[in-house]
Amino acid sequence: MNRRKFINGIMGIGGLGTLGAAVYPVLEYLVPPESAEPNVSSLKIGKFSDFEMNSSKIVKFGRIPVIVVKDEKGMMHALAATCTHLDCIVQYRKDAKQIYCACHNGVYDIKGRNLSGPPPKPLEQYAVKIIDDEIIIKSQKS
Amino acid sequence: MKQKKIFQFIIAACFIIFNTSAAQNFDDLKEDDNCVSCHSDMEIMPEGFLPDNIHMQKGLSCSGCHGGDPATDDMEISMSEDNGFIGVPDRADIPGMCGKCHSNIEFMRTFRPQIQTDQVSQYFTSMHGIKLKEGDENVAECASCHTAHSILPAKDPRSTIYPVNIPETCNKCHGDQELMSNYNIEATQYKEYSKSVHGIALLENKDAGAPACNDCHGNHGAMPPEITSISHVCGTCHVNNMNLFESSDMAKGFSQLDYHACEQCHGYHNIQEPGDFMIGDNEESVCTDCHFEDDEGMQVAVSIKNILTDFVSVYDTAEAKLHTVQVKGMNDLEIEYLLKEARQKLIESRTAIHSFDPAKVKEISKAGVELTQKAIKDADSEMDEYYTRREGFIFASVALLVFGIAIFLRIRLISKDKG
Amino acid sequence: MNSFLDSKTFNWLDSRYNLDPIKKLILHKKVPVHKHTIWYYMGGVTLFLFMIQVFTGILLLMYYQPGESSAFESVRLIVTKVKFGWLIRNLHSWSANLMIFFAFVHMFSVFFTKAYEKPRELTWVSGFLLLVLGMAFGFSGYLLPWNELAFFATKVGTDIVGAVPFVGEELKLVLRGGQDVTGATLSRFFGIHAAILPAIFTLILIFHLLMVQRQGMSEPEFFKKLPENKKKYISFLPDFALRDFLLWLIVFYFLIFLALFFQWDLGLKADALAPAPQGIKPEWYFMFMFQSLKLLPPHIWFIEGETFGVLFFTFAGLVWMLVPFIKLKSEKFQKRNVIIITGIVVVAFIVGMTIYGYLE
């Protein structure tokens, strides 16, 4: 009888352990990760008031780098930051107030239109909204 | 003074006629304009006539160029010299004929305020214009490129001067071996161009931003780019390369030897997509055209080549690793970003070779190699994680083993009890 | 167990619902012990794997988003961002494969021990339907991650459906939700995989299990012939159930091991315009059919080779399903041997073609 009880005890411990080993991953699984959306459709990128005038910032919009510019009048612009020529990352030039690609001197205006140099196409535009001083960019593709 | 006023009056009158007839379509013209009505009835409209060519659109009908009086249907009167009828113009007269309106800014700007009116004067600076003046009737005049009766603005894809159509337009004459032999020039430009990186972009990929003939040779002032200006011609688009080259020692050497800047290595009409094979001491390298085995230039070429090859080989490794990470379903986002930046550095290093200074190339490529190595490191650690997702496995193994053994013993116990 | 039957809860229920059948099952169900007892476990293992499928499938549903632009991305989210997401996904994939495998083993063991014979004809038929549905589960589920291989395999698979005579094209159209494999196909397959198949499968499974409980374990011929005192039995509860459970634990452990050490690739996102990648192969349980179809000449008599193949497999499947009802008239043939030889030929064909398909 003693032996039976002993085995039952071990069975209980092993059973609990097994249950734990199965339940723990499941519980962890159920906690959603920080960005539970498989596709980024909008992104908060910081405070409008913290963003300097006539400056820019590159943010990661999912897999796409996006350049966000606050022009000297305080208007916000967001454009895909990959140059349409050879996919280099573009930058904002404060002096010329234009978007510029260092690889082959491609130049775009603040709305992303290709002005000079090799880029064949304009940069894709992103919508920018400011809600409660929070800058939010949104993809315009459906 | 008085003359000028009369002229302005005529222009104003024309403008009214132009404007009212602008609304008319070609069918209306058939009724009102006796040139059009007779010639279309008799089916002797000029070859290639396009009813909605820009002149017709704006209301300039046959008599605008050919003279005569479209108001009367009596041929004797309408096509009389008294009425200014000129019939088929001499080729030599065509620039002047077009220039009557197109060189007059006061008239032309009524159609488009920012329009240019220097085409004719530019034309006479071009080789075409010079030869025409000399009495050569085989050279191109306005209608050769713009056509006579189907003129369309450059933005219209049907136009002979729409960017994608320009090479074909020039090739009409410049591809004619017989005609070109009179001038001692080749007739192979189009063939070469269409296989070039620019030609493929323009003709095959229909990238209207890619340079057509006129982007290097000019439009109305078409001339071969002079040796001194070639780097500026290329440099209008390839600014970085031009700046680097011009401040390099190579530029000085080139100018002493009367070498053509960009063209010397890249060619001209048949410019191919450049690659790392172009530099170094290998056979395809353009450096070997002038430099020999152990001269200083060749050493520079080889050291730049080595910098690029090293960069490319780590970059390729990193890309292969990124691919594995992606296929295995591990987190590839950061690695992808790093490689994007690294790729940019690779492009920049390739541009930097135009300084012909290994130190400059090294400086840029070093940053790129660092980024690439970071990407490799991240990829490796992702793959490590992929293979070591097993910490919990030990615990699970122990628990399952204990449970299993307990059940096994229990089974034995029962069978013993019964046995 | 007896303590449970004496418990207040059981009595409360029993006085209202008359639980005699359950009482009988618990007290009297016996499992014969002989050299083929091992095969009695195969159905149970298949059932266990199905339960794992249901459970991990529900978990995957919490993050999976069907749709051309989100399916692949959501699976990537599961395997990269969600904690233990990779484990759940790998368990689901591996358990699916093992389930089909054990279903096959279960089916052939029943076949060779002739357990399908009277009175278990309908159990056999329902079991066969479950296997077909299981394969349909596999086929529809394979597309859901929306990666390159899945995309093209589905293309090939649905193309074969198009070879069915008369209704093939229509069937293909309905299955694909359009002329081609697109996002619409994905939506359909998701619906089939996560709603339609589970509903039908569960109904048939309940029927299958009820039949088994109603009729008890089948006894092979030689066992039946033994004198009563030589027949050995163990009780279903707890003896057999404990053994069953132990085996489930072992299978579960094996499953975790596979999920850890042999993870499934995420692959590259499907691109309809990309050229088909090299070496598109169906899942292993379709391989023997796929390979046979490939080997057929373009024309057999007056019909297309592929159509012939599809007809052949449909016919063969029907015969296989109705095997308990086939009566051999001629007594000259020992029916038993004919059946056994047929079975061996079928197994040899399936195994041979599968191996051939992978070697090629």
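Listed conditions (1) free of Cβ contacts under 8 Å to residues at least 40 places away in the same chain; (2) within 29 Å of the chain's Cα centre (by Cα) are all met by B:Gln119, apart from (1). Residues in the range B:367-391 that are open to solvent by 50 Å² or more (accessible area, probe 1.4 Å) and either more than 15 Å from B:Ala320 (Cβ to Cβ) or within 12 Å of chain A (Cβ to nearest Cβ) (or both): B:Glu370, B:Lys374, B:Ser381, B:Asp384, B:Glu385, B:Tyr387, B:Thr388, B:Arg390, B:Glu391. The single condition among (1) more than 14 Å from chain B (Cβ to nearest Cβ); (2) touching a Lys or Arg at 6+ places or on another chain (Cβ under 8 Å); (3) open to solvent by 60 Å² or more (accessible area, probe 1.4 Å) that C:Leu318 does not meet is (2).
In the range A:130-141, the residue that is surrounded by the most Cβ atoms within 10 Å (Cβ to Cβ) out of those that are out of contact with any Phe, Trp or Tyr (no Cβ under 9 Å at 6 or more places or on another chain) and in a strand (DSSP E or B) is A:Ile136.
Go through the range C:303-315 and give me each residue that's outside any helix (DSSP H, G or I) and open to solvent by less than 80 Å² (accessible area, probe 1.4 Å). First the steps, then the outcome.
Filtering the range C:303-315 down to residues outside any helix (DSSP H, G or I) leaves C:303-304.
Once the filter is applied, which keeps residues that are outside any helix (DSSP H, G or I) and open to solvent by less than 80 Å² (accessible area, probe 1.4 Å), the range C:303-315 yields only C:Ile303.
Going through (1) within 11 Å of chain C (Cβ to nearest Cβ); (2) buried (at least 19 other Cβ atoms within 10 Å of the Cβ); (3) over 30 Å from C:Val75 (Cα atoms) one by one, B:Leu400 falls short only on (3).
Got at least one residue in the range A:46-58 being within 14 Å of chain B (Cβ to nearest Cβ), in contact (Cβ under 8 Å) with a residue 24 or more places away in the chain and either open to solvent by less than 20 Å² (accessible area, probe 1.4 Å) or in contact with a Pro (Cβ under 6 Å, 6 or more places away or on another chain) (or both)? Step through it out loud before you land on a result.
Narrowing the range A:46-58 to residues within 14 Å of chain B (Cβ to nearest Cβ): A:58.
Retained after the next criterion (residues that are in contact (Cβ under 8 Å) with a residue 24 or more places away in the chain): A:58.
Still in the list and also either open to solvent by less than 20 Å² (accessible area, probe 1.4 Å) or in contact with a Pro (Cβ under 6 Å, 6 or more places away or on another chain) (or both): A:58.
Looking for residues that are within 14 Å of chain B (Cβ to nearest Cβ), in contact (Cβ under 8 Å) with a residue 24 or more places away in the chain and either open to solvent by less than 20 Å² (accessible area, probe 1.4 Å) or in contact with a Pro (Cβ under 6 Å, 6 or more places away or on another chain) (or both), one finds at least one in the range A:46-58, hence yes.
Taken over the range B:296-327, the criterion of being of a type in the set (S, T, N, Q) and within 14 Å of chain C (Cβ to nearest Cβ) is satisfied by B:Thr324, B:Gln326.
A:Phe61 satisfies every condition listed in (1) aromatic (Phe, Trp, Tyr); (2) open to solvent by 70 Å² or more (accessible area, probe 1.4 Å); (3) at pLDDT below 90 except (2).
Taking the criterion of being touching a residue at least 12 places away in the same chain (Cβ under 8 Å), within 14 Å of chain B (Cβ to nearest Cβ) and either surrounded by 12 or more Cβ atoms within 10 Å (Cβ to Cβ) or assigned to a loop (DSSP other than H, G, I, E, B) (or both), would at least one residue in the range C:274-286 satisfy it? Scanning the range C:274-286 turns up at least one residue that is touching a residue at least 12 places away in the same chain (Cβ under 8 Å), within 14 Å of chain B (Cβ to nearest Cβ) and either surrounded by 12 or more Cβ atoms within 10 Å (Cβ to Cβ) or assigned to a loop (DSSP other than H, G, I, E, B) (or both). On the given criteria, is C:Val82 modelled with pLDDT of 95 or more and either surrounded by fewer than 19 Cβ atoms within 10 Å (Cβ to Cβ) or more than 21 Å from C:Gly127 (Cβ to Cβ) (or both)? So C:Val82 does not fit the description; no. Quick one: what pairs do we get from the range A:117-135, first residue within 14 Å of chain B (Cβ to nearest Cβ), second assigned to a loop (DSSP other than H, G, I, E, B) and open to solvent by 40 Å² or more (accessible area, probe 1.4 Å), C-beta under 7 Å, 6+ apart or different chains? Here the result reads A:Gly117/B:Cys237; A:Pro118/A:His85; A:Pro118/B:Cys237; A:Pro119/A:His85; A:Pro120/A:His85; A:Pro120/B:Gly209; A:Pro122/A:Arg113, each pair linking the range A:117-135 to a residue that is assigned to a loop (DSSP other than H, G, I, E, B) and open to solvent by 40 Å² or more (accessible area, probe 1.4 Å).
Within the range A:83-116, being facing chain B (nearest Cβ under 9 Å) and polar (S, T, N, Q) holds for A:Asn105, A:Asn114, A:Ser116. Kindly evaluate A:Asn105 against the criterion of being among the polar types (S, T, N, Q), open to solvent by less than 30 Å² (accessible area, probe 1.4 Å) and over 21 Å from the mean Cα position of the chain (by Cα). Yes, satisfied.
Please verify whether the range B:135-143 includes one or more residues that are loosely packed, with under 14 Cβ neighbours inside 10 Å and free of Cβ contacts under 8 Å to residues at least 40 places away in the same chain. There is no residue in the range B:135-143 that is loosely packed, with under 14 Cβ neighbours inside 10 Å and free of Cβ contacts under 8 Å to residues at least 40 places away in the same chain. Counting residues in the range C:230-247 that are within 19 Å of C:Pro145 (Cβ to Cβ), in a loop (DSSP other than H, G, I, E, B), open to solvent by less than 80 Å² (accessible area, probe 1.4 Å) and not aliphatic (A, V, I, L, M) gives zero.
For the range B:39-69, residues that are hydroxyl-bearing (Ser, Thr, Tyr), part of a loop (DSSP other than H, G, I, E, B) and either open to solvent by 60 Å² or more (accessible area, probe 1.4 Å) or free of Cβ contacts under 8 Å to residues at least 24 places away in the same chain (or both) total 0.
Of all the residues in the range B:23-38, those that are surrounded by 14 or more Cβ atoms within 10 Å (Cβ to Cβ) and not basic (Lys, Arg) number 9. With respect to (1) closer than 24 Å to C:Gln53 by Cα; (2) within 14 Å of chain B (Cβ to nearest Cβ); (3) crowded, with 18+ Cβ neighbours inside 10 Å; (4) touching a helix residue (DSSP H, G or I) at 6+ places or on another chain (Cβ under 6 Å), the lone exception for C:Phe252 is condition (4). Filter the range A:59-82 for residues that are within 14 Å of chain C (Cβ to nearest Cβ) and farther than 14 Å from A:Gln125 by Cα and give the result. Once the filter is applied, which keeps residues that are within 14 Å of chain C (Cβ to nearest Cβ) and farther than 14 Å from A:Gln125 by Cα, the range A:59-82 yields A:Gly62, A:Arg63. Checked against (1) surrounded by fewer than 20 Cβ atoms within 10 Å (Cβ to Cβ); (2) on the phi < 0 side of the Ramachandran plot; (3) within 14 Å of another protein chain (Cβ to nearest Cβ), B:Lys206 passes all but a single condition, namely (2).
Within the range C:25-64, the set of residues being among the polar types (S, T, N, Q) and at pLDDT below 95 comprises C:Thr37 only. If I filter the range C:262-273 for residues that are of a type in the set (Lys, Arg), crowded, with 16+ Cβ neighbours inside 10 Å and part of a helix (DSSP H, G or I), do I get at least one hit? No, every residue in the range C:262-273 fails to be of a type in the set (Lys, Arg), crowded, with 16+ Cβ neighbours inside 10 Å and part of a helix (DSSP H, G or I). Out of B:Arg389, B:Arg410, one residue alone is in contact with a Leu (Cβ under 8 Å, 6 or more places away or on another chain), of a type in the set (Lys, Arg) and not in a helix (DSSP H, G or I). It is B:Arg389.
Run down A:Ala96, A:Ala127 and say which single residue is out of contact with any Leu (no Cβ under 9 Å at 6 or more places or on another chain), surrounded by fewer than 14 Cβ atoms within 10 Å (Cβ to Cβ) and in a strand (DSSP E or B). Lay out the reasoning, then the answer.
Details: A:Ala96 fails: in a strand (DSSP E or B).
Only one candidate qualifies: A:Ala127.
Could you go through the range A:71-80 and let me know if any residue there is open to solvent by 60 Å² or more (accessible area, probe 1.4 Å), assigned to a strand (DSSP E or B), of a type outside the set (Phe, Trp, Tyr) and touching a strand residue (DSSP E or B) at 6+ places or on another chain (Cβ under 8 Å). Checked against the condition, which is being open to solvent by 60 Å² or more (accessible area, probe 1.4 Å), assigned to a strand (DSSP E or B), of a type outside the set (Phe, Trp, Tyr) and touching a strand residue (DSSP E or B) at 6+ places or on another chain (Cβ under 8 Å), the range A:71-80 yields no hits at all.
Any idea which residue in the range B:328-366 is nearest to the chain's Cα centre (by Cα), counting only those that are within 14 Å of chain C (Cβ to nearest Cβ) and open to solvent by less than 20 Å² (accessible area, probe 1.4 Å)?
Of the range B:328-366, the ones within 14 Å of chain C (Cβ to nearest Cβ) are B:328-336.
Then drop every residue that is not open to solvent by less than 20 Å² (accessible area, probe 1.4 Å), which leaves B:329-330, B:332, B:335.
Details: B:Gly329: 40, B:Met330: 40, B:Asp332: 35, B:Ile335: 33 Å.
So the residue we want is B:Ile335.
The values are calculated or read from the model by the stated rules, or taken from the named source; none is laboratory data. Quantities reported herein were computed from a predicted structural model and do not represent experimental measurements. Here the Cβ is made from the backbone with ideal geometry for all residues, glycine too, and neighbour counts use every protein chain on show. Just so you know, the surface numbers come from the protein's heavy atoms only, side chains and all, with ligands and any DNA or RNA stripped out. Shrake-Rupley method; radii C 1.70, N 1.55, O 1.52, S 1.80 Å.
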